[in-house]
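A short worksheet on the structure shown next.
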Amino acid sequence: MTRRDQIDKDAWTDAALRVMAAEGLKGVVVESLARALKVTKGSFYWHFTNRDALLGAAVDRWEDRETHVLERAAEAIANPRRRLVVLIERAHSEQGLRLTRAFTAAADHPLVGPAVRRVAKRRLSFLTQCFCAMGAETSDATHAARMVYAAYLGLAELNAIGAGVQTKAEMRAYVNRMIAWLVPYADEAPP
């Protein structure tokens with residue numbers, strides 16, 4: 001067995017996420033992943049019992065990155081407005097938008113749908129908390145959170161059909177404009 005045949009579970013999971021970002025759920029095919037990773041299909045079965053087990057691991061990794069990891073990074077920022085700005089900026093990575101689009105498009109899948117709903121609830125809750133920390137009433141904070149999240153999901157959809165942002169400079173301009181429109185200036189000047 002070569003070193004390449006000994007790749008770990010994380011390598012398979014990351015490969016599945018890359019494919020999902022590019023091709024959606026339908027692109028996650030064990031044989032294709034094995035070829036891309038330059039390993040045998042047997043390597044896959046060392047770590048996973050079937051494709052659904054791989055999808056489950058990919059869903060778990062996505063959910064962790066899109067909620068816990070982002071929240072922990074944002075929570076380390078004391079200023080509530082800055083916290084929200086950083087959260088929005090980090091969420092708008094090309095890969096993040098593509099994966100969000102892939103997962104939301106597969107929300108009818110029994111392994112994916114529950115995670116998509118949990119992630120949406122958690123994101124909305126965290127955004128609402130950020131707006132409340134800036135002094136918004138709960139109902140206003142809830143609406144503001146929905147607007148920010150809807151803009152994010154909308155951009156993911158627009159990018160998927162080629163009508164969204166095309167370059168990093170356009171993304172930066174979009175995120176800056178979104179922040180200017182949707183995030184009120186609390187106790188600090190805009191970034």
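Residue pairs whose Cβ atoms lie under 6 Å apart, separated by 6 or more positions or on different chains, with the first residue in the range 9-28 and more than 15 Å from residue 60 (Cβ to Cβ) and the second assigned to a helix (DSSP H, G or I) and among the β-branched types (Val, Ile, Thr), are 27/19. Within the set 16, 74, the sole residue that is surrounded by 14 or more Cβ atoms within 10 Å (Cβ to Cβ), modelled with pLDDT of 95 or more and assigned to a helix (DSSP H, G or I) turns out to be 16. For the range 29-71, residues that are out of contact with any Ser or Thr (no Cβ under 8 Å at 6 or more places or on another chain) and part of a helix (DSSP H, G or I) total 29.
Going through the range 135-154 one residue at a time, which ones are of a type in the set (Lys, Arg) and on the phi > 0 side of the Ramachandran plot? Explain how you work it out, then say what you get.
Of the range 135-154, the ones of a type in the set (Lys, Arg) are 146.
Listed by number, the list is empty, since nothing qualifies.
Please tell me if residue 85 is of a type in the set (Val, Ile, Thr), buried (at least 18 other Cβ atoms within 10 Å of the Cβ) and at pLDDT 95 or above. For residue 85, the condition - of a type in the set (Val, Ile, Thr), buried (at least 18 other Cβ atoms within 10 Å of the Cβ) and at pLDDT 95 or above - is not met. The combined condition, being surrounded by fewer than 16 Cβ atoms within 10 Å (Cβ to Cβ), without any contact (Cβ under 8 Å) to a residue 60 or more places away in the chain and in contact with a helix residue (DSSP H, G or I) (Cβ under 9 Å, 6 or more places away or on another chain), is fulfilled by residue 135.
With respect to residue 112, determine if the residue is surrounded by 18 or more Cβ atoms within 10 Å (Cβ to Cβ) and over 24 Å from residue 57 (Cα atoms). The answer is no for residue 112. Kindly provide the set of residues from the range 146-164 that are of a type in the set (D, E, K, R) and without any contact (Cβ under 8 Å) to a residue 24 or more places away in the chain, ordered by number. 146 - this is the single residue of the range 146-164 that is of a type in the set (D, E, K, R) and without any contact (Cβ under 8 Å) to a residue 24 or more places away in the chain. Just one residue in the set 25, 127 is of a type outside the set (Val, Ile, Thr) and in contact with a His (Cβ under 9 Å, 6 or more places away or on another chain); that residue is 25.
In the range 138-162, how many are loosely packed, with under 14 Cβ neighbours inside 10 Å, at pLDDT below 95 and touching a helix residue (DSSP H, G or I) at 6+ places or on another chain (Cβ under 9 Å)? So the count comes out to 0.
With respect to residue 40, determine if the residue is within 30 Å of residue 154 (Cα to Cα) and either surrounded by fewer than 18 Cβ atoms within 10 Å (Cβ to Cβ) or hydroxyl-bearing (Ser, Thr, Tyr) (or both). Give the steps one after another, and end with the answer.
Working: within 30 Å of residue 154 (Cα to Cα): no; either surrounded by fewer than 18 Cβ atoms within 10 Å (Cβ to Cβ) or hydroxyl-bearing (Ser, Thr, Tyr) (or both): yes.
Against the criterion (within 30 Å of residue 154 (Cα to Cα) and either surrounded by fewer than 18 Cβ atoms within 10 Å (Cβ to Cβ) or hydroxyl-bearing (Ser, Thr, Tyr) (or both)), residue 40 does not qualify.
Number of residues in the range 77-110 that are of a type in the set (Asp, Glu) and not in a helix (DSSP H, G or I) equals 1.
Among the residues here, residue 122 qualifies as farther than 24 Å from residue 19 by Cβ, surrounded by fewer than 18 Cβ atoms within 10 Å (Cβ to Cβ), out of contact with any Phe, Trp or Tyr (no Cβ under 8 Å at 6 or more places or on another chain) and touching a residue at least 40 places away in the same chain (Cβ under 8 Å).
Please specify each residue of the range 172-191 satisfying the condition of being of a type in the set (Phe, Trp, Tyr) and either at pLDDT below 90 or in a loop (DSSP other than H, G, I, E, B) (or both).
Keep residues of the range 172-191 that are of a type in the set (Phe, Trp, Tyr), which gives 174, 181, 185.
Hit for the range 172-191 is 185, nothing else.
Conditions tested, residue by residue: (1) over 23 Å from the mean Cα position of the chain (by Cα); (2) within 16 Å of residue 100 (Cα to Cα).
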{"position": "12", "(1), (2)": "no, no"}
{"position": "17", "(1), (2)": "no, yes"}
{"position": "24", "(1), (2)": "no, yes"}
{"position": "28", "(1), (2)": "no, yes"}
{"position": "31", "(1), (2)": "yes, no"}
{"position": "44", "(1), (2)": "yes, no"}
{"position": "48", "(1), (2)": "yes, no"}
{"position": "58", "(1), (2)": "no, yes"}
{"position": "63", "(1), (2)": "no, yes"}
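The values are calculated or read from the model by the stated rules, or taken from the named source; none is laboratory data. All values derive from a computational prediction rather than experimental measurement. No Cβ is skipped: glycine too gets one built from the backbone with ideal geometry, and neighbour counts run over all protein chains shown.
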